[in-house]
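Data block below; observations after.
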Amino acid sequence: MELVLAGNQIQLNDQGYLTDFSQWTKEVGEAIAQQEGIALTDAHWKVIHYLQDQHKQDIPLSIRKIGKSNVVSIKEFYDLFPTGPLKISSKIAGIPKPASCI
Amino acid sequence: MKRLLILGAGTAGTMMANHLRPKLSVTDWEIVMVDQEETHYYQPGFLFLPFDIYTPEQVKKPIKSPLPRVVTLIQATIDKVVPESNEVWLQNGDHLHYDILIIATGTQIAPDEVEGMMGEGWQKDVFDFYTYEGSLALRDKLRTWNGGKLVVHISEMPIKCPVAPLEFAFLADSFFHHKGMRDHVEITFVTPLEGAFTKPKATEALNYLLEEKGVHIVGDFNIEHVDNEKRVIVDYAGKEVPYDLLVTVPPNMGSDMVERSGIGDEMNFIPTNKATLQSKVKENIFALGDATNLPASKAGSVAHFEAEILTENIMLFIEGQPLKESFDGHANCFIETGHNKALLIDFNYTQEPVEGVFPLPGVGPLSLLKESRVNHLGKMAFRWVYWHMLLKGRPIPFVSANMKEAGKILETIE
Ligand SMILES: Cc1cc2nc3c(=O)[nH]c(=O)nc-3n(C[C@H](O)[C@H](O)[C@H](O)COP(=O)(O)OP(=O)(O)OC[C@H]3O[C@@H](n4cnc5c(N)ncnc54)[C@H](O)[C@@H]3O)c2cc1C
């Protein structure tokens, strides 16, 4: 699926995740967040940057690992991205939906 | 004399010793292994112990028995790895020097990571089956349990053998059916994933099977605590699932010694190059099996494929040659579905579990992603294959370390 978000042409898969991380910009992240009904604060960005950093290093993500990362506690993670913290934050961060386990 | 030191004499460590011993000259290289256990457990058997399908004797052997003769096995608890001085310290105070280190310390359950999991109900109405003790205690419980709400639960991913909890649910369905009490048992499968499995293709097939067997599924559930008094599990979003008998897979973490060494990630897994299996800690440290942070399944079959590739890379490393980037994340596992049937899935880093036949294109005899009796026999034969072929580092007939694509209907993961 192709979409124009924040003035940028980007590719999304059928679940709304970016298929090419290089198309991600801060504005794209903000636009996706808005669709998810989330207004991004510094605390959100801290998590998003952490996720992107892990993604670039090919490190698989899980909720508990994030909770232990000193970036956010699991409770705060749920407060920031209610319904499905890891799924929604990954979508905003422009990285693939975490497969978590395989 | 140079020393190759292997930490852990479980599935992966044993395979490495068996692969490397014949390749390394006995006069130049000493192979030393360290493990705290006296027993080698056949962990896939822990799935069958609770249902009295296997006896305790069938899942254990002396830890030395599958090892080659010319290795030294030290029975001790590892304190830590000290990469700066190429040493491993043991809790008995000994320091071992190494030239090459292989970390194969696996993963263990950490029930104390979830509040209340090891509360009053632990091993009374809250059980794990990922340890020998847990699996036996659950067997005793199931022998006399009168029925009620059975909750089969995964705390979080990654866990070793990610399909084992599903298989447990299927086998429970079959077990209570045969006992003539299926009507008195409500089975619910609770998972942090959206559905039965992580890969959409297999999830579809497995969700269908769960439904067919009358197993309810609760997805997107990230456990926050176990309430022993009310007998409910509660997730971070406040969702509750009641149980009379909770069979849980606690969080899985790497060995404590990884934490003590300060060389792992938050879950004590070893950062490892996913194609070469060289650790990111130091160039003479390698890792395989459940101990790594690779985005591959934590399974004996994966360790088997990794062992072939790591053996080649260790030989290249010794010769000073560049390492091969050849591991593709290949995994294949039987999924026991109860009533003497099973299915088989085969996948890697980029290919989804596929429909088709395995291992011979067009012939089988094992069918991928379809329930069959032949697959069940395959799963049962796996115990023999494990002790006699897998641990010995012998290739499984027709199965190669990299995934074959012929005979399968492939779908690539984005
Ligand atoms: C219920 C269940 C079902 C399974 N079913 C299947 C299946 O059907 N198919 C499949 O392929 N796989 C299956 N598996 C997974 C498989 O058993 C593991 O993936 C495999 O054993 C991993 O091998 P490993 O060598 O990495 O770890 P392990 O075999 O666990 O070995 C690790 C070793 O390190 C030692 N160790 C750790 N820390 C220390 C320390 N500090 N000091 C000294 N020694 C230490 C331990 O004592 C242990 O012997 C199953 C697992 C379970 C629990």
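Say the cut-off is 20 Å between C-alpha atoms; which of B:Lys60/B:Lys179; B:Lys2/B:Lys23; B:Lys60/B:Lys341; A:Lys68/B:Lys239; B:Lys141/B:Lys179; B:Lys274/B:Lys324 go over it?
Those over the limit are B:Lys60/B:Lys179; B:Lys60/B:Lys341; A:Lys68/B:Lys239.
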Sorted peptide list for B:7-14, B:56-63, B:188-195, A:29-36, criterion being average Cβ within 10 angstrom, highest first: B:7-14, B:188-195, A:29-36, B:56-63
Chain B shape via C-alpha gyration tensor axes, a/c threshold 1.5: prolate
Those residues of segment B:249-293 whose amide nitrogen sits under 16 Å from the label point placed on B:Lys23, 7 Å along Cα→Cβ: B:275-279, B:284-289
Beta bridge orientation in segment B:173-295: antiparallel %, DSSP, nearest 5: 65
Cβ-Cβ FRET estimate between B:His178 and A:His49, R0 fixed at 60 Å, reported to 0.05: 0.65
Nearest-0.05 FRET efficiency for B:His225 and B:His95, computed from C-beta distance (R0 45 Å): 0.60
Label-point separation in nm, A:Glu76 to B:Gln321, each point 7 Å along Cα→Cβ: 5.0
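Mind giving me the FRET efficiency for A:Thr83 and B:Glu37? R0 is 56 Å, r the Cβ-Cβ distance, nearest 0.05 is fine.
0.85
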Isotropic mean projected area of the C-alpha convex hull, segment B:110-252 (nm²): 7.9
Fraction of antiparallel bridges per DSSP, the protein assembly as shown only, in percent to nearest 5: 50
Lys, Arg +1 and Asp, Glu -1 on Cβ, resulting dipole of chain A about Cα centre, debye, nearest 20: 440
Largest-first ellipsoid semi-axes for segment A:2-93, taking √(5λ) over the Cα gyration tensor eigenvalues, angstrom: 22, 15, 11
Positive-end residue of A:Pro96, B:Ala275, B:Gly180, charge dipole of the protein assembly as shown with Cβ unit charges: B:Gly180
Nearest 10 degrees, 0 to 90: helix B:132-144 Cα axis against chain B principal axis: 20
³J(HN,Hα) computed for each position of segment B:332-347 - Karplus, 6.51 cos²θ - 1.76 cosθ + 1.60, integer Hz, glycine/proline x: 9, 9, 7, 10, 6, 10, x, 6, 6, 10, 7, 10, 10, 10, 9, 7
Calculated diffusion of the protein assembly as shown, Stokes-Einstein form, Kirkwood radius summed over Cα pairs, 4 °C and 1.567 mPa s, µm²/s: 54
Helix B:200-212 vs. chain B, principal-axis angle (Cα, 0 to 90°, nearest 10): 40
Loop sites in segment B:66-163: GluC sites (Glu not before Pro), DSSP, at most 16 other Cβ within 10 Å: B:Glu120
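Length gain on complete extension for the stretch A:Asp58 to A:Ala6, per 0.36 nm per residue less the alpha carbon to alpha carbon distance?
Net length gain for the segment: 16.0 nm.
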Share, in percent, of DSSP beta bridges within chain B that are antiparallel, nearest 5: 50
Buried solvent-accessible surface, both chains (A, B), 1.4 Å probe, Å² to nearest 100: 2200
Rounded to 10°, Cα long-axis angle of helix A:26-35 versus longest principal axis of chain A: 80
Whole-Å distance, taken between Cα centres, linking segment A:1-61 and segment B:267-328: 31
Largest-first principal axis extents of the Cα set of segment B:1-137 (Å): 54, 32, 19
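The values are calculated or read from the model by the stated rules, or taken from the named source; none is laboratory data. Just so you know, these numbers come straight off a predicted model, no measurement behind them. Ideal geometry is used to build each Cβ from the backbone, glycine not excepted, and the neighbour counts take in all protein chains shown. Surface areas here come from the heavy atoms of the whole protein model, side chains and all, with no ligands, DNA or RNA. Shrake-Rupley method; radii C 1.70, N 1.55, O 1.52, S 1.80 Å.
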